[in-house]
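Comments concern the structure below.
The values are calculated or read from the model by the stated rules, or taken from the named source; none is laboratory data. Predicted, not measured: the structure shown is a model, and the values here were computed from it. In this analysis, Cβ positions are derived from the backbone assuming ideal geometry, glycine residues included, and neighbour counts consider all displayed protein chains.
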Amino acid sequence: MKELKIDPELRDLLPHLPKEKFEGLEKMILEEGYDGTPILIWNGYIVDGHHRYKIFKKHNIEFNIEEISLPKDSEKSDVMDWMITYQDVRRNMCEAEKIYANDKVSTRRIEEENAKKKLEGNRKGADITNGKTVSVHLDGERKSHTSPTHTREQRAKFAGVSAGTVARYDTVMNSDNKELQPHKNLITGVETIKEIITIYQKKGIRKMIKCRNKRTTLTIDLPEECGHTGYSVDCSYSFDKDQKQYLLSMELFRNDISDKQTIDEQYINGDEITIEYNIRRVVEYASMSGYFDKYIEKYEYTYKCFDKGNEFFENDSSKQLYPVRECDVIRKAYYCSKCGAYIEENQNCCPHCNAELEWNSIEKESDV
C-alpha cells in the first residue's frame, strides 16, 4: 500500500465531509468497488482525495495516484489556489466555502512573502559579516513581521462574490452571540449565508438601522455591516384604497451624490402606526439578504463610466485641434469633424464632445 503525506493546511483548506456522507462514501466503495479514480498529489502530499485515502488505508485497498501539473517553483499558496479552482469546477463551491478558503490562501501567501523577506534580510546580514558592501534600508520603527490586510472588496474579488456577501459572512463568523454558535459551520455548505442571516434576524440580534423621516418619505441609511457604507434609500409610501395596502417605492442613492436610482415598487401591509416599522423591516431584510448588492454595483459602475468619459474628453481634446467642416443647406451650417454635432459659427469648442475647433482651415463637405 502506498504511503502518502498529509499536510494539515492542505487537508483543512476545504470543508470535511459530514460523518453521514463519509460513511456513505465508504459504503459505496466497499459495495461497488474502487473505480480507479486517482488520488491527486503534489510533491507526495495529497491535494485531492483525503477522505478516500483514509478509507483505502482502513480497508487495505490499492489505489492509483497522479501528480498535478504545476511549475517547479510553485509554493503552497499556488497549490491551494489550484485546489480551490479544481473543487469549484467539480462541485460548484458555495459562497461561504470560497470566502473561507481564499482567506486561508491570502494568509498563506502573506506568510510566504514574509519568509522571503526574512531570508533576504539574513543573506544581507551574512554579506555584511563577511565584509561585503550591501545597501540595507532600516525603517524608523522595526517590525517583527509585516501584516498586510486585504480590504473587503479585495477579498470579494479573490472569492468571486460581492463585497456585501463578504460583509454578511463576517457578520456571522465574528459574532459572539450564543444563538449563532451552532451555525458557524456554514462553511460546510449545509447552510448558505442567506440562511444564516435569516436566523441572525429571527434571533433579534440585528443592529438597528438609522432612519430619517420626511413626511411620507422615510430615508434609511443602509447598515455598514452589510457592506453598504455611505448608501441610503428613500422609501416613499402612500395608501392605495383599491388594494387596501401601502404602495412602497424605493430609490437608492450614495450620500455624497444627489442622483438616485429607482429600485422597485411593492405593496406592503400596515396601518398608520405600523407602516414605518414594516418599511424598516423590509429594508433591513433586503440589506442582509444581499438584495441591494446588484443595484449598488450598477450605481458604482455608472459613475465610473462617467468619470472615465470625462477623463477621456479632457485628455483627448487637449492633444489636437479638430478642423471645422462646412456644408450648404438652406443656410450655411457648420459641424464638428470629430463627433458630427452642428455648431455655431466661431465657437471655440464643440458643445457636444468638447473638442477644440480650428476655424482657420474649414473643410468643405466635398473635400472630405
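Please list, ordered by first then second residue, the pairs with beta carbon atoms under 8 Å, 6 or more apart or interchain, first in region 99-120 and over 30 Å from residue 171 (Cα atoms) and surrounded by fewer than 15 Cβ atoms within 10 Å (Cβ to Cβ), second at pLDDT below 85 and of a type in the set (S, T, N, Q).
117/146
Just to verify a result, which residue in region 51-87, among those that are under 21 Å from residue 15 (Cβ atoms) and among the aliphatic types (A, V, I, L, M), is surrounded by the most Cβ atoms within 10 Å (Cβ to Cβ)?
Step by step, filter region 51-87, then rank; the result is 80.
Going by what's in this entry, would residue 265 be described as of a type in the set (Asp, Glu), more than 30 Å from the chain's Cα centre (by Cα) and more than 26 Å from residue 157 (Cα to Cα)? Steps first, please.
Numbers: of a type in the set (Asp, Glu): yes; more than 30 Å from the chain's Cα centre (by Cα): no; more than 26 Å from residue 157 (Cα to Cα): yes.
Here the answer is no, as residue 265 does not meet what is asked.
Quick one: which residue in 299, 303, 342 is at pLDDT 80 or above and out of contact with any Asp or Glu (no Cβ under 7 Å at 6 or more places or on another chain)?
Checking each option against the conditions leaves just 299.
How do the strands (runs of 3 or more DSSP E) wholly within region 32-102 filter down when requiring 2 or more residues that are under 29 Å from the mean Cα position of the chain (by Cα) and outside the structural domain of residue 112 (by TED's automatic domain parsing): which remain?
Per the criteria, 45-48.
Under 24 Å from residue 160 (Cα atoms) and either touching an Asp or Glu at 6+ places or on another chain (Cβ under 9 Å) or modelled with pLDDT of 90 or more (or both): does that describe residue 89?
In short, no.
Identify, from the list 16, 51, the residue that is at pLDDT below 90 and within 30 Å of residue 159 (Cα to Cα).
Result: 16 is the single residue among 16, 51 that is at pLDDT below 90 and within 30 Å of residue 159 (Cα to Cα).
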